[in-house]
Amino acid sequence: MVNLVPPLSSKKMHAVHASLRQQVLAGEWQTGDKLPTETELAERFECSISTISKAVGLLAHEGLVERKPRAGTRVLSATPSTSPAATGLESLAFIYPAEKHEGIWRAAKGFQDKAHDNDQRVTMLSTGMDYHREAEFMTRLVEFAVRGAVVYPNFTTNEAQTVFVNAVSACKFPVVLTSLNPLGLDCPVVTLDGFHAGYTTARYLIDRGARKIGYLSDRARSFSMRERYLGYRRALEEAGITPAPEWVSLNPSMNVDLVEPMREPESMAQAYLERARGIDGVVCSTDFLAMATITAAQRLGLSVPKKLKVVGMDDYDFAAQGDIPLTTYRIPYQEIGETAFQVLDDATSDRTTVPGEHLLRGSIVTRSSG
């Protein structure tokens with residue numbers, strides 16, 4: 001079994017913590033003094049704010065400093081505390097796979113901003129793509145007085161989903177999910193209305209004259225992606241359009257590559273367009289697939305949007321910066337994070353919270369590709 005403490009940190013975080021700890025113990029900051037902001041410390045140590053936050057969090061666990069939203073971090077003592085309270089975070093946690101994923105980063109920011117507005121301490125825990133680490137956090141954080149957690153699930157395989165379900169069932173504190181609820185777990189969900197996303201993007205293409213509208217998706221077996229596809233189908237049915245089998249590609253795989261995130265989408269898009277010849281529009285379940293489809297279309301001599309209209313879902317920053325800026329459905333990631341915090345705060349503050357789905361809707365951002 002993986003121990004809890006090591007995954008919370010990295011070599012860099014340990015080095016930052018050791019340096020700051022030595023400065024506090026040496027009296028370079030007196031009791032009551034404020035430490036530099038986390039942004040300033042991140043620049044000084046040439047690392048991410050998340051790394052600084054975790055390092056300062058360890059100082060707080062030792063009773064050396066006190067962190068307060070908006071007020072900053074101040075020195076409490078030059079002597080580490082040995083009291084039980086020193087190990088208690090007394091916070092709400094956000095557990096997520098990767099900071100490099102723009103959507104997850106936006107959701108995390110929404111969670112943090114809302115927490116700061118409510119003077120609530122939070123703990124941000126990145127698991128990478130290790131779903132066993134995710135489960136370990138969820139089942140053991142109660143030992144550190146974390147009162148509840150929002151979890152951005154890591155559903156890359158059926159095994160990962162099984163491990164996740166077991167971890168949620170074993171949790172001794174409230175959990176809020178940012179994904180559709182697998183197997184009806186008894187906890188609230190705050191996530192995208194995937195049906196609305198799929199319906200809206202397909203309807204957009206129909207309204208612009210497209211009739212042979214395809215659909216391209218990875219992770220097609222996931223709850224969220226399935227809902228997006230069903231929305232697409234509904235829009236086509238209402239328009240009297242029956243998609244040919246070759247128009248639709250529902251790839252069940254998800255091979256996440258944070259270093260080269262476009263590599264697999266480009267391969268999928270090329271194979272898809274070579275098979276789905278004759279389509280005049282395509283709904284892609286992610287911006288990565290949509291941008292890859294534009295690239296593949298150009299290689300095949302298809303003019304976008306004249307011959308092929310392309311629409312994505314996400315509205316990542318890079319989608320607006322290509323040679324052909326992407327028309328896309330903006331997923332309200334930050335609002336998802338904000339709402340998830342509020343639902344969790346209610347659940348941990350003796351306010352009535354009924355488990356259920358909070359499905360949030362986005363809107364089309366019109367650019368050149370559609």
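General remarks:
- Two-site label geometry, Q298 and K12: point separation in nm, points 7 Å out along Cα→Cβ: 3.2
- Basic side chains Lys and Arg get +1 at the Cβ, acidic Asp and Glu get -1 at the Cβ, and with that the dipole of the chain about its Cα centre reaches some 720 debye.
- Once backbone amide H atoms are built at 1.01 Å from N, S179 has V190 as its partners under 5 Å, excluding neighbours fewer than 5 places away on the same chain.
- All lysines inside 19 Å of K306 as judged from Cα atoms, apart from same-chain residues fewer than 8 positions distant: K212
- Bridge type composition, region 194-331 - antiparallel percent by DSSP, nearest 5: 0
- Between helix 333-347 and the chain: long-axis angle, C-alpha atoms, 0 to 90°, nearest 10: 50
- Residues of type aspartates and glutamates that K34 reaches as a straight line, Cα spacing below 20 Å, ignoring anything fewer than 8 places off in the same chain: E43, E62, E66, D119
- Base-10 log of normalised Debye intensity for the chain (one unit scatterer per alpha-carbon) at q = 0.07 Å⁻¹: -0.36
- Within the straight-line cut-off of under 22 Å between alpha carbons, the lysines reachable from K114 are K54, K68, K100, sequence neighbours fewer than 8 places apart in one chain being disregarded.
- Note on region 216-231 and region 294-370: Cα centroid distance 14 Å, given to the nearest whole angstrom.
- Here the extension length gained between S368 and S77 equals 99.0 nm, from 0.36 nm per residue of separation less the Cα-Cα distance.
- Computed label-point distance, nm, for sites R275 and T162 using a 7 Å Cα→Cβ extension: 2.8
- Folded to 0 to 90 degrees: helix 263-275 orientation relative to the chain principal axis, Cα: 10
- Peptides ranked, highest mean first, by Cβ atoms within 10 Å: ranges 270-279, 39-48: 270-279, 39-48
- In the elastic network of the chain, a GNM with C-alpha springs shorter than 10 Å, the most mobile of S179, S349, S126 is S349.
- Helix 11-25 vs. the chain, principal-axis angle (Cα, 0 to 90°, nearest 10): 30
None of the figures in this text is laboratory data; all of them are computed from the coordinates on show. As the structure is a computational prediction, the values presented were derived from the model and not from experiment. With ideal geometry, Cβ positions are generated from the backbone for all residues, glycine too; neighbour counts draw on all protein chains shown.
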